[in-house]
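The values are calculated or read from the model by the stated rules, or taken from the named source; none is laboratory data. Not measured: the values here are computed from a predicted model. Using ideal geometry, Cβ is built from the backbone for each residue, glycine included, and neighbour counts are taken over all protein chains shown.
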Amino acid sequence: MNKKLWLWIGIPVAVILLAIFWYVGTYNSLIKLNEQVSNKWAQVETQYQRRVDLIPNLVSTVKGAANFEQKTLEDITNARSQWQAAINPEQKVQAANSVESALARLLVVVENYPQLKATQNYLALQDELANTENKVAVERGRYNDAIRDFNARIKTFPSSIVARKLGYIDRTYFNAKQGAENAPEVKF
């Protein structure tokens, strides 16, 4: 009789302990995935900030070497200000797209100024900018990978139960803006 009593008590206790261990493990892994997504976004922001920090130097170099379209410089300055004022990831993505668009127009305009392309400062800044753009692309990819892992985990059963209790919802992927596949148009 003693063995039956242990079975009647032991099995439910074991099931409860397994459920608790599963919940704690799932909870901890969701927290880690959420933190990983946040970390990857911070890496994207770091590269964007690096790009934005290069812009004043690029603009000064271009201003000093060529007297060209003022609107392009104003667009770049405005886009940089938007980036610095952005609060959430969606605003930062929108501002980053504006920066990319303005920089692309600037680089197209610069093609018409051979004396500018030959200056050492401009060449160094252009290399830095190209390097930064590569880093931005890599970090965006890593961010989207982390989002994919997080979103998949919070949607799959039984993890979705814990995710719902934590209030986790789908994170938004970093997508290219509409028309990004087209080269920027510069008119003189």
Revision key, fill the gap. Result of the Cβ filter at 7 Å on the range 149-168, keeping first residues that are under 16 Å from residue 32 (Cβ atoms) and partners that are outside any helix (DSSP H, G or I) and of a type in the set (Lys, Arg), at least 6 apart or interchain, is 150/171; 151/171
Practice item. Test each condition in (1) modelled with pLDDT of 80 or more; (2) part of a helix (DSSP H, G or I) for residue 104 and report the one that comes out false. Key: (1)
Review point. Which one of the conditions (1) at pLDDT 80 or above; (2) surrounded by 14 or more Cβ atoms within 10 Å (Cβ to Cβ); (3) farther than 30 Å from residue 168 by Cα; (4) not polar (S, T, N, Q) does residue 23 fail to meet, given that it meets all the rest?
Key: (3)
Exercise for review: Sort out which residues of the range 18-37 are out of contact with any helix residue (DSSP H, G or I) (no Cβ under 9 Å at 6 or more places or on another chain) and closer than 30 Å to residue 99 by Cα, and write them in order of number.
Suggested key: 35
Review point. Do you know which residues across the range 66-88 are assigned to a helix (DSSP H, G or I), modelled with pLDDT of 75 or more and over 10 Å from residue 102 (Cα atoms)?
Key: 81, 82, 83, 84, 85
Check your understanding: Name the pairs whose Cβ atoms lie under 6 Å apart, with the first residue in the range 124-137 and assigned to a helix (DSSP H, G or I), the second basic (Lys, Arg) and loosely packed, with under 13 Cβ neighbours inside 10 Å, and 6 or more positions between them or separate chains?
Key -> none
